[in-house]
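Since the structure comes first, as structure tokens, the remarks are kept for the end.
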Amino acid sequence: MEINEKIVREMKKKFELEMNKREIEIVEHWKNELEVIYKKRYENLGSLQIDIRGLMERMSNRASILSRMIKEAM
């Protein structure tokens, strides 16, 4: 059974659109997290570094979880 090229192109376009929507959601989420840190008033540089380190750890943890999910799906 041969798949119509038009259907393949439409499916590919829908997939790419959905991926772009998800990427926008992800970028907006982390941007909002960073804005919270930016707007906060810090008494010293050490406090800022602690919050930035915490954000980086959360991002790293999320990336690890997603990597694990991908490996398990395969």
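Here is how the numbers come out for the structure above:
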read-out: Vicinal HN-Hα couplings computed from phi for the stretch 11-27 (Karplus, 6.51 cos²θ - 1.76 cosθ + 1.60; Hz; Gly/Pro x); value: 5, 5, 5, 5, 4, 5, 5, 5, 5, 5, 4, 5, 5, 4, 4, 5, 4
read-out: Spin-label pair residue 6/residue 37, simplified geometry with 7 Å Cα→Cβ offset, distance in nm; value: 5.0
read-out: Reported label for calculated P(r) over Cα pairs in 5 Å bins from 0, in percent given [x] 3, 12, 13, 15, 15, 12, 10, 7, 5, 3, 2, 2, 1, 0; [y] 3, 15, 23, 21, 15, 10, 7, 3, 1, 1, 0; [z] 3, 17, 20, 17, 13, 11, 8, 6, 3, 1, 0, 0; value: [x]
read-out: Candidate lysines for bridging to residue 71, where Cα separation is under 19 Å - those fewer than 8 sequence places away on the same chain excluded; value: none
read-out: C-alpha center-to-center spacing [the stretch 1-31, the stretch 34-74] in angstrom; value: 27
read-out: Hits among lysines - C-alpha to C-alpha of residue 21 under 18 Å, sequence gap 8 or more where chains match; value: 12, 13, 31
read-out: Segment residue 26-residue 52, extension gain: residue separation times 0.36 nm, minus the distance between their alpha carbons; value: 7.6 nm
read-out: Net dipole in debye of the chain [+1 Lys, Arg Cβ; -1 Asp, Glu Cβ; about Cα centre; nearest 20]; value: 60
read-out: Residues of type aspartates and glutamates that residue 40 reaches as a straight line, Cα spacing below 13 Å, ignoring anything fewer than 8 places off in the same chain; value: 51
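Just so you know, all these numbers are worked out from the coordinates, no wet-lab data involved. As the structure is a computational prediction, the values presented were derived from the model and not from experiment. As a convention, Cβ positions derive from the backbone with ideal geometry for all residues, glycine included, and neighbour counts pool all protein chains shown.
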